[in-house]
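Notes to accompany the following structure.
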Amino acid sequence: MLTVENLEKSFTTPAGDVHAVDDVSFVANTGEMVAIVGPSGSGKSTLLSLLGLLDAPDSGSIEIDGRELGNLSSSERTKFRAHDVGFVFQGFNLIPNLTAQENVELVLEFADWPKDERADRAEEMLEMVGFTPEMAKRRPSRLSGGEQQRVAIARAFATQPPLILADEPTGSLDKKTGQKIVQLLRAAASAQNATVLVVTHDDRVAEQADRRFEIEDGKLSEVG
Amino acid sequence: MSALVRGVKNAFRNMVRSVGIIVILGLVIALAISMAIARSAVDQKINDVRASTGNTISVSPAGFFGFQGGGTPLTTAEMQKLAQIPNVTSVRQSLQERLSTSDTSLKSSITPGSLGQQFGGGGNGGFGGFGGQSSSSGSTQTFTIPVTFTGTNAPGYALVGGANGGGTEKLTQGSTFAPTSSDDVAVVGKNLASANRLSVGSTFTAWGATIKVIGIYDAGSTFADDGVLMPLSTVQTLANASGQVTSATVVVNSVDNVATVTNQVKAELGSKADVTSTQQIVENQLAPLNSVKTISTYTLIGSVIAAGLILLLSMLMIVRERRREIGVLKAIGAPNKTVVGQFVSESLTFTVLGSILGLIVGIVLSNPITNALVSSNTNSTSTGFAGPGGGFVRPGGFSGGGGGNFMPPSGGGGFRFGGFHSFSNTLTQVHAAASWSTLLVAFVIAIVIAVIGSTVAVANVVRVRPAEVLRSE
């Protein structure tokens, strides 16, 4: 379960201080898929950075399964990202000179999975997202956008993290493929009992979530 | 797949660029290795030359130049003081006299010839100069060449042979005398012995005394084989030159101590003696090689820095290009050390491949580069090189002063005659060859380059914040 309380983050710009995340509080339950929608510049990505410990909040707290994450050191944050968070990016962000299989194995290496189990686990995850062994040997340049995003999902779930953060996961995909990716995310979340937080500006994606929040000028409100 | 393996794989992500980096790096490293080999070869040559130039210091009265110059003779007492200087192993003393037929029963085996007529009669004293007989009556000049008597406490050290273009005197008959002997005995040059029908046991007269021939020597040159070697104290007594010495050779225990002892000898004798070490002369002649050594050292350092900069800029470009990827790696849990290790590994891959290429090219090019460097430097100084050699023999004195026996100040050391010329020729014969030390140098160069090249890349990798990945989406 993800619990966020009074989370704040501001940036100083030449035009003055900007409250990118302004007193945000919410709870997302285990196995639940939560959508956060909002226009560009509303603070979606900043909120995701804070939840993924890519950035530090100015104030407030983030807890996962009762564990407070606000006071972790830099190396503990890195460990947390390796073990407890899975990222799915809009631009897929696979490593271009590694095969699909190697891309998935990479996070297992960072999460200190036993060497002899990594290949099997990567194969298992790629199979889960519909990859054949032959496809697993391809590099990203030889995969379509949808296929690349499926590899990214396999990568995100590989370490069995309790939290998956997806930033516009369908943003670079066509409607039909996007639909499949969201379904895949839902299925994986439920299979692995993970909390999935999807940031999107696509209402069709948000409609498939269990709960939906809107963010505007850094303020979050539940809309359904 | 470890970070190191990923780094190696990353080095070939852009094959054209990678090949470009490796080739440029390789060429610069080749230059560095060539310079290292050249430096080592030249250094070896310098050491060899220094080691082969001997460990002797020549001492002669100031202004004394064979039988042409002047000066006040040195004394045996002064020589004994020189023997007390630390690191001096011995002092070889000699006293030379030239006797005309009025003072000795011996006649020189050398005929004046047309050169003798030309040089001998031309000046005040002519060829006979010091002790010879000369006459000048119009265009016909006749004189006899005097016989050189050398008193020495160190027979057998090229005192005659070395000074006159020959080598160490080889005893062909009989025996020699003891260094401290004061007997009226002599070892006679083979030409002089032949001209005067002398053999072991024969006698001749000099300074009115009867001298017994105890040996015949062969020094390898016509002039040298026309001399007489006698015990120093005998010559000093007979020539009424008690305690006098016209030249000495100070022998030092090590080449490394020659410079120090030279200064001490100069301090001891002051302005009354000309003190010259072979080492000083050699150092002057080694100046071009030292220039090559300096040039190669600076070029070596410059090449290593250039190679480091090439790698540094390449890695900087690569890190900037992969900024997003670095952010992704950090976002999905890669610790800084893993990402840094990956880029250091990539940098090392370029360095290792560049070094291998550089080593091969460097070894191939080292000899031509070394020869070109040595030739250009020794050629540029060859005019100056010939000068001291010619001046040393004093051609002016040769023609005008009339000293037939153009003895060097020391009276010893074959190096001074003709030795210069052959020595200067060998200076350009530097052979550059790779060795294990070359590999070690290449390894050190590679490490330095990799460290320089990786530093900025590492700093840039560490600075990338993973949150930048999401912001740039």
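The values are calculated or read from the model by the stated rules, or taken from the named source; none is laboratory data. What you see is a predicted model, and the numbers here were worked out from it, not measured in a lab. As a convention, Cβ positions derive from the backbone with ideal geometry for all residues, glycine included, and neighbour counts pool all protein chains shown. Just so you know, the surface numbers come from the protein's heavy atoms only, side chains and all, with ligands and any DNA or RNA stripped out. Shrake-Rupley method; radii C 1.70, N 1.55, O 1.52, S 1.80 Å.
Before we move on, is A:THR3 at pLDDT below 90, more than 30 Å from B:ALA3 (Cβ to Cβ) and more than 14 Å from chain B (Cβ to nearest Cβ)?
Spelling it out, it is not the case that A:THR3 is at pLDDT below 90, more than 30 Å from B:ALA3 (Cβ to Cβ) and more than 14 Å from chain B (Cβ to nearest Cβ).
Does the range A:33-46 contain at least one residue that is more than 13 Å from every other protein chain (Cβ to nearest Cβ), surrounded by fewer than 21 Cβ atoms within 10 Å (Cβ to Cβ), more than 20 Å from B:GLY333 (Cβ to Cβ) and of a type in the set (Val, Ile, Thr)?
Scanning the range A:33-46, I find no residue that is more than 13 Å from every other protein chain (Cβ to nearest Cβ), surrounded by fewer than 21 Cβ atoms within 10 Å (Cβ to Cβ), more than 20 Å from B:GLY333 (Cβ to Cβ) and of a type in the set (Val, Ile, Thr), so the answer is no.
Can you tell me which condition A:ASN71 does not meet? The list is (1) away from chain B (no Cβ under 14 Å); (2) within 20 Å of A:THR170 (Cβ to Cβ); (3) without any contact (Cβ under 8 Å) to a residue 60 or more places away in the chain, and all the others hold.
With respect to (1) away from chain B (no Cβ under 14 Å); (2) within 20 Å of A:THR170 (Cβ to Cβ); (3) without any contact (Cβ under 8 Å) to a residue 60 or more places away in the chain, A:ASN71 is out only on (2).
Restricting attention to the range A:129-157, which residues are away from chain B (no Cβ under 13 Å), within 18 Å of the chain's Cα centre (by Cα) and either within 15 Å of A:ALA82 (Cβ to Cβ) or among the charged types (D, E, K, R) (or both)?
Once the filter is applied, which keeps residues that are away from chain B (no Cβ under 13 Å), within 18 Å of the chain's Cα centre (by Cα) and either within 15 Å of A:ALA82 (Cβ to Cβ) or among the charged types (D, E, K, R) (or both), the range A:129-157 yields A:GLU147, A:ARG150.
Being in the same structural domain as B:LEU31 (by TED's automatic domain parsing), surrounded by 21 or more Cβ atoms within 10 Å (Cβ to Cβ), modelled with pLDDT under 75 and under 30 Å from B:GLY63 (Cβ atoms) is true for just one of B:GLY418, B:GLY412. Which residue is that? Before the answer, list the steps.
Values: B:GLY418 fails: surrounded by 21 or more Cβ atoms within 10 Å (Cβ to Cβ).
Just a single option satisfies the conditions, and that option is B:GLY412.
The rows are residues; the columns are (1) more than 7 Å from chain B (Cβ to nearest Cβ); (2) crowded, with 21+ Cβ neighbours inside 10 Å; (3) touching a residue at least 24 places away in the same chain (Cβ under 8 Å).
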| position | (1), (2), (3) |
| --- | --- |
| A:LEU51 | yes, yes, yes |
| A:ASP55 | no, yes, yes |
| A:GLY86 | yes, yes, yes |
| A:GLN101 | yes, yes, yes |
| A:ASP116 | yes, no, no |
| A:GLU123 | yes, no, no |
| A:GLU127 | yes, no, no |
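Quick check on B:ALA30: is it touching a His at 6+ places or on another chain (Cβ under 9 Å) and either part of a loop (DSSP other than H, G, I, E, B) or more than 14 Å from chain A (Cβ to nearest Cβ) (or both)?
no
Condition first: part of a helix (DSSP H, G or I), more than 16 Å from B:GLU468 (Cβ to Cβ) and facing another protein chain (nearest Cβ under 10 Å). Now tell me which residues in the range B:321-343 satisfy that.
B:LYS337, B:THR338
Taking only the range B:271-305 into account, find how many residues are part of a helix (DSSP H, G or I), of a type outside the set (Lys, Arg) and surrounded by 19 or more Cβ atoms within 10 Å (Cβ to Cβ). Working first, answer last.
Applying the first criterion (part of a helix (DSSP H, G or I)) to the range B:271-305 yields B:271-272, B:278-305.
Checking the rest, the ones that are also of a type outside the set (Lys, Arg) come to B:271, B:278-292, B:294-305.
Filter again for surrounded by 19 or more Cβ atoms within 10 Å (Cβ to Cβ), leaving B:278-279, B:281-282, B:285-286, B:288-289, B:292, B:296, B:299-300, B:303-304.
The qualifying residues number 14.
Just a yes or no: is a residue in the range A:103-110 within 20 Å of the chain's Cα centre (by Cα) and more than 12 Å from chain B (Cβ to nearest Cβ)?
So far as the range A:103-110 goes, no, none of its residues is within 20 Å of the chain's Cα centre (by Cα) and more than 12 Å from chain B (Cβ to nearest Cβ).
Does B:GLY333 count as assigned by TED's automatic domain parsing to the domain that holds B:SER435 and open to solvent by less than 10 Å² (accessible area, probe 1.4 Å)?
Details: assigned by TED's automatic domain parsing to the domain that holds B:SER435: yes; open to solvent by less than 10 Å² (accessible area, probe 1.4 Å): yes.
When the stated conditions are applied, B:GLY333 passes them.
Tell me, please, whether a residue that is in contact with a Ser or Thr (Cβ under 8 Å, 6 or more places away or on another chain), open to solvent by 20 Å² or more (accessible area, probe 1.4 Å), touching a residue at least 40 places away in the same chain (Cβ under 8 Å) and farther than 30 Å from B:LYS212 by Cα can be found in the range B:229-252.
There is no residue in the range B:229-252 that is in contact with a Ser or Thr (Cβ under 8 Å, 6 or more places away or on another chain), open to solvent by 20 Å² or more (accessible area, probe 1.4 Å), touching a residue at least 40 places away in the same chain (Cβ under 8 Å) and farther than 30 Å from B:LYS212 by Cα.
Tell me which residues, restricted to the range A:153-185, are touching a Gly at 6+ places or on another chain (Cβ under 8 Å), closer than 19 Å to A:GLU109 by Cβ and open to solvent by 10 Å² or more (accessible area, probe 1.4 Å).
A:THR159
Is it true that B:GLY354 is more than 14 Å from chain A (Cβ to nearest Cβ) and surrounded by fewer than 18 Cβ atoms within 10 Å (Cβ to Cβ)? Can you show your working first?
Working: more than 14 Å from chain A (Cβ to nearest Cβ): yes; surrounded by fewer than 18 Cβ atoms within 10 Å (Cβ to Cβ): no.
No: the conditions fail for B:GLY354.
Cβ-Cβ distance below 7 Å, separation of 6 or more or different chains: which pairs start in the range B:7-21 with a residue that is more than 13 Å from every other protein chain (Cβ to nearest Cβ) and end on one that is in a helix (DSSP H, G or I) and not small (Gly, Ala, Ser)?
Matching pairs, first to second residue: B:ILE21/B:PHE350.
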